[in-house]
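The values are calculated or read from the model by the stated rules, or taken from the named source; none is laboratory data. Only a predicted model underlies this, so the values are computations on that prediction, with no experimental measurement involved. Reconstructed Cβ throughout: ideal geometry from the backbone, glycine too, with neighbour counts over all protein chains shown. The protein model used for the area step is the full one, side chains on, heavy atoms only, and it has no ligands, DNA or RNA in it. Shrake-Rupley method; radii C 1.70, N 1.55, O 1.52, S 1.80 Å.
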Amino acid sequence: MMAEDFEPLTVALYAQEAATTDQGSDASSLSFPLLGLFGETGSLLSVVKKKQRDRASYLGYAMAVVEELGDVLWYLSAVASRGGIRLSAIAANVNRGYADWAHDDATLTFEALQPDLIVRDGAPTPAFEATLLQLAGEVGALLNDQHAGKLENNQAALAGHLVTVLRRLIQAANEAGVTLEAAAIKNLSKIFDRWPKERVYPAPFDDQSDADERLPRNLTIDIFEKEVRGQAFVFQRCAGIFIGDRLTDNAVEPDDYRFHDVFHFAHVAVLGWSPVIRALLKLKRKSEPAVDEAQDGARANLIEEGVTTWIFGQAQQLEFFQGLKAGDLPLDMLKHVREFVTGYEAEACPLWLWEEAILQGYEAFRFLQVHRRARITIDFANRRLHIEELQP
């Protein structure tokens with residue numbers, strides 16, 4: 001397909017898609033998206049600050065600007081939607097006053113909002129910094145009017161604020177040399193990576209590998225704690241054979257990390273990925289030397305162990321994710337997990353799938369904390385890690 005075959009993204013379509021991912025509890029309240037709008041504007045300023053401070057070492061500046069512009073755009077769209085105003089109507093009036101208000105234009109594209117854009121990739125300019133400060137001030141004025149009750153039953157006042165904010169956002173994008181269309185597309189990609197319309201599980205990474213080198217699609221493992229010479233160890237047994245080393249917490253303060261292999265088994269059950277379990281069950285893809293070295297080697301093992309340890313630290317602060325359900329894990333945490341596994345197969349796993357693996361692993365972990373022994377079953381066909389009591 002040629003580049004000219006792609007249709008420019010309309011503001012109306014973006015707003016329609018973005019609205020499906022508004023996760024706020026009270027769809028009629030402006031408070032949540034207004035706070036988000038203010039916060040993301042601050043994040044955009046923070047990107048500029050980091051570039052000024054770190055200069056050459058901040059290599060992700062351009063991508064960060066695009067992402068943060070997209071986040072600001074999402075919250076702006078959410079404010080408009082909750083206020084009963086179409087984002088496309090706001091966009092159609094960025095160059096008009098309210099007395100000269102035009103009708104909504106559902107065909108208006110983001111491209112049309114930046115007719116004179118010069119795309120560039122460089123350090124932030126003084127003009128860009130000044131515009132961002134103005135943007136922050138205008139978002140702050142919007143928040144102040146909301147707090148003072150001036151926007152209640154006053155759609156005209158809200159629309160006026162939103163036009164001003166969008167106008168400044170377009171100016172900022174122009175001065176940064178990036179397109180709002182790219183920001184909008186990246187934003188939609190990110191939010192559907194996290195909150196998909198439909199959960200379609202990807203094929204297993206080793207689907208084309210030799211049958212003897214595939215991760216198990218169905219497997220039962222007994223995990224139990226046993227005291228040996230006065231010290232508690234965790235043992236794992238599969239088909240009557242002990243697998244792996246007996247485990248302790250390896251910590252000054254006991255925290256039950258001795259049960260952490262259950263997280264690796266959850267990775268197998270949900271993601272279809274775990275270099276650690278491949279090594280444990282001797283399922284490294286030796287018949288594919290390049291894959292074996294890059295995806296199943298010692299470095300991949302360390303990456304997975306590192307991810308598991310880091311998530312554990314986050315989980316300790318959140319009661320090991322007790323009571324959390326799909327959609328509840330922090331987006332930033334899931335994005336950090338993705339960064340951890342960059343360059344490895346699991347990088348292709350969508351964020352929602354990572355969340356499923358994490359939540360199922362911690363459900364099993366909490367069970368083991370209470371019972372100290374359990375039987376877990378990998379059910380890859382249904383992407384589930386089942387857990388049940390294990391009799392002594």
Exercise for the section: Would you check if there is a residue in the stretch 85-104 being in contact with a Ser or Thr (Cβ under 9 Å, 6 or more places away or on another chain), crowded, with 20+ Cβ neighbours inside 10 Å and either basic (Lys, Arg) or over 23 Å from THR41 (Cβ atoms) (or both)? Expected result: no
Problem - Verdict on GLU227 being in a strand (DSSP E or B), without any contact (Cβ under 8 Å) to a residue 12 or more places away in the chain, among the charged types (D, E, K, R) and more than 30 Å from PRO8 (Cα to Cα) - result: yes
Fill in the blank from the handout: Those residues of the stretch 266-309 which are open to solvent by 60 Å² or more (accessible area, probe 1.4 Å), over 19 Å from GLY244 (Cα atoms) and either without any contact (Cβ under 8 Å) to a residue 12 or more places away in the chain or among the small types (Gly, Ala, Ser) (or both) amount to SER287, PRO289, ALA290, GLU293
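Condition check ((1) in a helix (DSSP H, G or I); (2) among the basic types (Lys, Arg); (3) over 18 Å from ALA269 (Cα atoms)) across all residues:
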residue	(1), (2), (3)
VAL139	yes, no, yes
GLY149	no, no, yes
PHE192	yes, no, yes
PRO196	no, no, yes
PRO216	no, no, no
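Condition check ((1) open to solvent by less than 30 Å² (accessible area, probe 1.4 Å); (2) part of a loop (DSSP other than H, G, I, E, B); (3) at pLDDT 95 or above) across all residues:
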| residue | (1), (2), (3) |
| --- | --- |
| ASP22 | no, yes, no |
| PHE32 | no, no, no |
| GLY36 | yes, no, no |
| GLY42 | no, no, no |
| ARG53 | no, no, no |
| LEU59 | no, yes, no |
| ALA64 | yes, no, no |
| ALA80 | yes, no, yes |
Handout entry: Yes/no for ASN174 being surrounded by 13 or more Cβ atoms within 10 Å (Cβ to Cβ) and either basic (Lys, Arg) or more than 15 Å from ALA62 (Cβ to Cβ) (or both)
Key = no
